[in-house]
Structure formats: C-alpha cells, structure tokens
Amino acid sequence: MTHASPSVRATGRRPATADASGRARGARAPRSRHRSPLLFCAPFVVLFAAMYVAPILYAAYSSFFTVRRSGLGLTAPTEVFAPLDNYARAVQDGAFTASLGRVALFGLVQVPLMLGLALALALLIDSKSARGRGFFRLTSFVPYAVPGVSAALVWSFMYSSTSSPLNRLLEPLSVTIPFFDEDLVLLSVANIVTWSWAGYNMIIIYAALQSIPAEVLEAARLDGASALRIAWSIKIPSVRGALVLTTVFSIIGSAQLFNEPAVLQPVSGGSISSTFTPLMSAQSAVAAGNYPYAAAQSVLLAAAVGVVSLIFFKLTHRGDRA
C-alpha cells in the first residue's frame, strides 16, 4: 500500500511530471489554450488588414502627392509630394463640395423616411391581428434581393420621359411627372434607394421585435393598453438599438451613393452630372488619371462620415447617461 506525500494530501493535486526535455507537461496547457483563439482569428485579421486597412492607408498616403504636368502635356505626368495641395483643391472645388451638400440633403430626407417606413412595416408584420404576415414579410424583403444596378435599370425605364408607364397612367388626368427635373431628380434617386433597402432594415427591426418578452406584451394587454399604445410605449423603445444600428448603416450607405445615379445618368438629360455624388466625383478624377486627387476626396468623405456617425452616437447615448 502506497502513501501520498504530505503536499499531495494538503493540496489534493499531484505534481506535474517532467518529460524528457525537463519541462513540466502541465505548463504547456495554458500556452496552447491561449494560442488556439489567435489561430482561429488569424484568417480574419489577415483578410481585414489586406482588404480594408491596407487600402485605407494607401489612399491616405497617395493623397499626399500631387500630379504635375509640364510643357504641353506631351510628357508623362509626375507625382510630387505636397501633403495639403489635394485637400485644399478639394475644399475649393465647387463640384465636389456641391456633391457633399447634395448627399447630405439626400441623407437628411431619405434616411428618416426609409427607416420610418421600415419601422411601420415591422410593427404591422409583428402585430398579432395582421393577416398574411409571411407574405408581406417576403414581399417587403424581395427588393433587397435585386442587385442595385438592376433595380436602377428597372426604375430608369419607369422614369423615362418617352416610355414611363407611370406617366401613361396619369395621361387621362393631364398630369406628367418630370422625374429627371433638377428639382425632382434627387427624390427620384431616393425612391430607388428606399425601395431597395426598406425591406432590409425592416428585417433587422422585426428581428429586434421578436426579442421582446411575451409576458411584457401580455401584461400590457391585460392592463387595457391598446395596440397603438403598446407599439409606442413598449415596442419602439425596445428596438432603439436596432434603429440606431440601421441609422448608422444608412448614413454610411448615403455617403456611398453611386450605383443608382451612375445608371440613371445617361437617361437623365444632364440633370445628373459626372460629379453628382462624392464617389462619382472621385471616379471622374480617376478617369482623368488623377489618382491622388481622387484619394484626397475619398479621405475627406470618410472623415465626414466618421464625424457624422460619432455625433449621432453621442446624441443617441446622451439619453442613456441621463
């Protein structure tokens, strides 16, 4: 019969045995345990750095150079290090600043309307008295499955001054909607974006509604609260996080507006210029071979979006701290 040593009886554990190399086997476990998560995260970190961080850093680096052409333009252009020249030019470029203002106006009008529509659809589909909820949930989400370019092509046919079926329906009333008029073209683009993305945002809000405990809703009904009162006092406050998330996504999406106006440009009759949005303006600089200037415009746009998103987060979290 063997007897355990006093240290084993006191601690209840046996000392780690040493292998041939003289290191304790038990000391290897913590290292491997900490190393495993890093190995699983490594592919994401590498792809994120290569596809996201590296292009941003390269764009910022390229924006510090200025393209110079000498003589009559017969020689190849050269790039000269001038850190602030491109940024000063972008700030003084009327077409670029106008595109920033146009996108800002687009976001101020389109984002609240789209999210309001998405919230209303989510509340209607979540209502227990609603019929055909699966059908309406599917039909609301289907436009998001249509690629943005394809959706813009379909709507360009709907907006066409010669073949618009909408205007043909309004002919008996002697009404014609100039979809590409300078005063309406931004709303025409906003309509396409709303049609494409309202269903996507509705799904996010609807998923947040499903997390509300059924006991809370049942208690409100027993207290005599109407469906409108439950929606206003319980459901909408409960999906506040989803609304903040979709708003931030929509702000970023508004800044990246490109596909819809680019597709509509050939049939717009000149109301959509090549610098209609900041990304279109940057693309025009790329087409002209001025990559550093396009990079500077992109950096300014990214900085503006970051500032707006930060301000929005501060405003939405101020109520939480209060």
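Bear in mind these aren't lab numbers, they're just calculated from the coordinates by the rules spelled out. Keep in mind that what you see is a predicted model, and the values were worked out from it rather than measured. Cβ placement follows ideal geometry from the backbone for every residue including glycine, while neighbour counts extend to all protein chains displayed.
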Problem set entry | Among the residues listed as 163, 188, the single one being outside any helix (DSSP H, G or I) and out of contact with any strand residue (DSSP E or B) (no Cβ under 6 Å at 6 or more places or on another chain) | 163
Exercise. Among (1) assigned to a helix (DSSP H, G or I); (2) in contact (Cβ under 8 Å) with a residue 24 or more places away in the chain; (3) crowded, with 16+ Cβ neighbours inside 10 Å, which single condition is residue 273 missing?
Worked result: (1)
Exercise. Inside the stretch 209-234, can you point out the residues that are under 29 Å from the mean Cα position of the chain (by Cα) and either among the charged types (D, E, K, R) or surrounded by 12 or more Cβ atoms within 10 Å (Cβ to Cβ) (or both)?
Worked result: 209, 212, 231, 232, 233, 234
Seminar exercise, completed: Those helices (runs of 4 or more DSSP H) completely within the stretch 204-261 that have 3 or more residues that are out of contact with any Cys (no Cβ under 7 Å at 6 or more places or on another chain) and closer than 30 Å to residue 147 by Cα are 240-255
Exercise. Which helices (runs of 4 or more DSSP H) does the stretch 30-140 wholly contain that include 3 or more residues that are aliphatic (A, V, I, L, M) and in contact (Cβ under 8 Å) with a residue 24 or more places away in the chain?
Worked result: 54-62, 94-126
For this session: Working only within the stretch 86-100, note down all residues that are among the small types (Gly, Ala, Ser), surrounded by fewer than 18 Cβ atoms within 10 Å (Cβ to Cβ) and touching a helix residue (DSSP H, G or I) at 6+ places or on another chain (Cβ under 8 Å).
Result: 95
